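As structure tokens, the structure follows; a few thoughts come after it.
No value in this document is a laboratory result; all are computed from the given coordinates. Remember, predicted model here, so these are calculated numbers, not experimental data. Quick reminder, even Gly has a Cβ in these numbers, built from the backbone with ideal geometry, and neighbours come from all protein chains shown.
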Amino acid sequence: CMNHILPASYAWGNFSVLAVGIWAIVQRDSLDAIVMFLTGLLLTVLTDIIHISVFYPAHDHLSDTTRFSVGMAIFSLLLKPLACYLVYRMYRERGGE
């Protein structure tokens, strides 16, 4: 993300969802915060797929930092369904249906 391979919208989208996630954890009684966090996570899964597929470097000679940066973005994308499941469990614990 920080290697400038992906656009700034990738970082802004993920960091804003992270901020909503911190808000959802701090506000233990708020059901709206956890719904917004779950919705944001689901939207970033879609936007991450689009960002990685559109902005992936086309040439074969990638530097190590570029390869690491794209690998971490893909790893983050692979972990998001697990995060969505855990946030959904938290939503159910707070009284959501």
| remark: At the level of C-alpha centres, the distance separating the range 75-97 and the range 40-62, in angstrom, is 22 Å
| Under the rule of -39500 (n - 2.57) per DSSP H run of 4 or more residues, summed and divided by the residues of the chain, what mean residue ellipticity at 222 nm is obtained, to the nearest 500 deg cm²/dmol? | -27000 deg cm²/dmol
| task | Would you work out which of His4, Gly95, Ala19 lies farthest towards the positive end of the dipole of the chain? Charges go on Cβ: Lys and Arg +1, Asp and Glu -1. | result | Gly95
| query | How big is the range 29-95 by Rg and Dmax over its Cα atoms, in Å? | reply | 15.6, 51
